[in-house]
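The structure appears below as structure tokens.
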Amino acid sequence: MSKIDWAAFPDARGHFGPYGGRFVSETLMGALDELQQVYEQYINDPDFMAELDHDLKQFVGRPNPLYHAERLSRELGGAQIYLKREDLNHTGAHKVNNTIGQALLAKKLGKTRIIAETGAGQHGVATATVAARLGLECVVYMGEEDTRRQSQNVYRMRLLGAEVVVVKSGTRTLKDALNEAMRDWVTNVDDTFYIIGTVAGPHPYPAMVRDFQAVIGREAREQHLEMTGKLPDALVACVGGGSNAIGLFHPFLGDESVEMIGVEAGGDGVETGRHSAPLCAGQPGVLHGNRTYLMEDENGQIIGTHSVSAGLDYPGVGPEHAWLKDIGRVNYVSVTDDQALAGFHRMTRTEGIIPALETSHAIAHVLDLAPQMRPDQSIIINLSGRGDKDLNTVAEREGITL
Amino acid sequence: MSRIEQRFAELREQNRAALIPYVTAGDPEPGATVPLMHALVAAGADLIELGVPFSDPMADGPVIQKACERALRFGTSLRDVLAMVAEFRKTDTTTPVVLMGYLNPVERMGYEAFAATAKTAGLDGLLTVDLPPEESEEVVDLLEASGIDPIFLVAPTTSDARIDHVARAARGFVYYVSLKGVTGSQTLDTSALAERLEGLRRHTGLPLGVGFGIRDAQTAAQVAQVADAVVVGSAIVRLAEEHDGDADGFARAAATVVREMRDAMDVARSPGAAATV
Ligand SMILES: Cc1ncc(COP(=O)(O)O)c(C=O)c1O
């Protein structure tokens, strides 16, 4: 594995081993070629990168801290736990790292209209935010089920001037929002830029979103080295589509001593079938423009998923994760809704940080992992987002009406 | 000569355009599909496009999305659809049948198993909307070995360079998507169509079919003047919804629409018909 040239992936046509690629209807192929071209041009353009860095600093508030969670570390009695504070970004999650980058590309391409899909609403809010800032028309597709459990984010998007389209087809969650956004894009491809919110979709999205999110890992690596003089022993992140996870992992892939763990949503438990853990319990297939692990039935129909967190409630996963799983570089596990809730409370009460329910999955895994490690070892958790959006869900589960 | 080639050769001789109705297999229920296919042929269909229901029909508008949902209520699978083709073939050995759908059910079945079963069933072509030629090499080789034509789409956004690429991979006919949008959209621009098809003919000698946005006999007739085949989907599938589970009523209504289109198309192609495009 040490011989892998990580920068060589994906290949020119977007493949990570057998995964990724570009599986879309012909109408979109030209737009994807065009996007790939401008993306490859600008990602190597110092002026563009300076503009991006400026926005990340002045508008998003980067770099955000790598925070040593001393109290939690002490309580667990094992590894030192560090939190990469993506929750402190403007709009409250890692999602904005990507929307800032893609919106700049949209501007370069002269597109006047932006569309996005969203599950938890964090990507929708981050998209509506950059659209407001750049004066672009913005339409966000969101499953009906998600508009209910993340109603505050729906209102935030509307305040920001976005039109939120409630998607009532299929399972009425994130995958259906993505279908609807694709249908919009194919209809309005001339003036519309589709900002995909995770490292999924047709090439170049998985690579492009990863590159915009890799700022997380670059900062964390530098910060950890500066704070401790060494590399961390383990990285832990939740995996929905996989953007916060790949953002943290990617700059460390060549560091062989660093173990990486992606945490999927186990829902009611992977054995019940009611979960959103394609890497743990799915198989390869093709959906939403790429080949990757999917949750599907024996006839290749995509099946309904379940997770307490809307942002993880998705039957697929980014193709790079599928490949990293197969080659064994990253280990993928799952935690249940109940475990995630426990992680949510533990972080809130111990460190004074209310995490998103998505993030709480990563925390829950670390509650088990840290005690198995030594106090001279360390773990970085990607604290991908803050939990304000989830207060209703948590309260409801505990029988409290706000 | 494949059944598809044979059919287009006959039609060319008669100076007629092919009429290709699309129906979603298993809609409104699995038992309805084979009788419906025969009824469409009796009403003047030259080739049948049979939709394979999929849980996430990204390229389809609401009409075909709902058809997929109805068919999936009965669990209509790709294997079931191939069994329907086999059943149809028992009494109709000349009308070509093309499956239209998405890649994942084919992936799940396995390319080899699909090609073998499809060949036995008497399938003639496969069109997977989310499979561009770039990703299709393996499946195309297997299909060709089984005598099944891989059908590819060309869109208004397809560049000349890509058209060559698509034309090289395509067999049977080339399906020109007449508009930017999903199936069932309402804005087919027939005036731009003639020019676009003329351009396409410089890249391929295959027959050119046109689909998406053909909603009535008049549009079908206009398209028939410039295209080799007219594909009609939502305008027929819509009738299944209107007949709400009444399979016979749906089949009769579908046959009526097909017959109207057939007649209008033949009139439009008859000597002396005024060009309206
Ligand atoms: C805070 C937070 N973390 C994680 C995710 C999951 O997405 P991804 O796996 O792409 O990071 C979301 C998605 O909405 C989110 O809001």
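Structure above, values below:
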read-out: Relative contact order [Cα under 8 Å, 6+ residues apart], chain B, whole percent; value: 23
read-out: For segment B:88-94, Karplus couplings with θ = phi - 60° (6.51, -1.76, 1.60), whole Hz, Gly/Pro x; value: 4, 5, 4, 10, 9, 9, 10
read-out: Kirkwood-Stokes translational diffusion coefficient of chain A, alpha-carbon pairs, 20 °C, 1.002 mPa s, µm²/s; value: 104
read-out: Ranked by how many other beta carbons lie within 10 Å on average, peptides A:378-388, A:108-118, B:159-169, B:72-82 from highest; value: A:378-388, A:108-118, B:72-82, B:159-169
read-out: For segment A:157-169, Karplus couplings with θ = phi - 60° (6.51, -1.76, 1.60), whole Hz, Gly/Pro x; value: 4, 5, 4, 6, x, 7, 8, 9, 9, 7, 8, 10, 8
read-out: Links that overshoot a 26 Å alpha carbon limit, given the list A:389/B:180; A:57/A:175; A:3/A:230; B:119/B:180; A:230/A:389; A:84/A:107; value: A:389/B:180; A:57/A:175; B:119/B:180; A:230/A:389; A:84/A:107
read-out: Cα shape, segment B:3-269, gyration tensor, a/c 1.5 rule; value: rounded
read-out: Using a Förster distance of 45 Å, the FRET efficiency for residue A:226-residue A:388 (Cβ separation, nearest 0.05); value: 0.90
read-out: For A:180, A:70, order by how many other beta-carbon atoms lie within 10 Å, fewest first; value: A:70, A:180
read-out: Of A:334, A:169, A:73, the one that fluctuates the most in a GNM where chain A has Cα springs shorter than 10 Å; value: A:169
read-out: Cα principal axis extents for the protein assembly as shown, largest first, Å; value: 88, 51, 51
read-out: Sequence of B:120, A:129, B:204, B:91 once ranked by neighbouring C-beta atoms within 10 Å, starting from the fewest; value: B:91, B:120, B:204, A:129
read-out: Karplus-derived 3J(HN,Hα), 6.51/-1.76/1.60, for each residue of segment B:153-159, Hz, glycine and proline x; value: 9, 10, 10, x, 8, 6, 6
read-out: Average beta-carbon neighbours from other chains, 10 Å sphere, peptide B:104-110; value: 6
read-out: Protection-proxy order for peptides A:148-156, A:51-59, each taking the mean of Cβ atoms within 10 Å per residue, highest first; value: A:148-156, A:51-59
read-out: Assigned charges on the beta-carbon of Lys, Arg, Asp, Glu; segment B:3-269 dipole about Cα centre (debye); value: 420
read-out: Label zone at residue B:13 (point 7 Å along Cα-to-Cβ), backbone N below 20 Å, segment B:141-179; value: B:172-173
read-out: Residue-averaged beta-carbon neighbours from other chains (10 angstrom radius) around B:46-54; value: 1
read-out: Residue A:376/residue A:256 FRET efficiency (R0 22 Å; Cβ-Cβ; nearest 0.05); value: 0.70
read-out: Residue mean of other protein chain beta carbons inside 10 Å, A:296-306; value: 6
read-out: Fewest-first ranking of B:260, A:351, using other Cβ atoms within 10 Å as the exposure measure; value: B:260, A:351
read-out: Modelled FRET efficiency - R0 41 Å, residue A:345 with residue A:6, Cβ distances, 0.05 increments; value: 0.65
read-out: Segment A:1-43-segment B:171-244 distance, computed between alpha-carbon centres (Å); value: 32
read-out: Those aspartates and glutamates that a straight Cα-Cα span of less than 16 Å connects to residue B:66, excepting residues fewer than 8 apart in one chain; value: A:176, A:180, B:27, B:29, B:56, B:241, B:242, B:244, B:246
read-out: Amide H within-cut-off set for residue A:378, under 5 Å, with H built and near neighbours excluded; value: A:80, A:233, A:234
read-out: Length-normalised contact order for chain A - Cα pairs under 8 Å, 6+ apart - percent; value: 21
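Every number in this text was worked out from the coordinates using simple rules, so none of it is lab data. Only a predicted model underlies this, so the values are computations on that prediction, with no experimental measurement involved. Don't worry about glycine lacking a Cβ; one is built from the backbone with ideal geometry, like all the others, and counts go over all protein chains shown.
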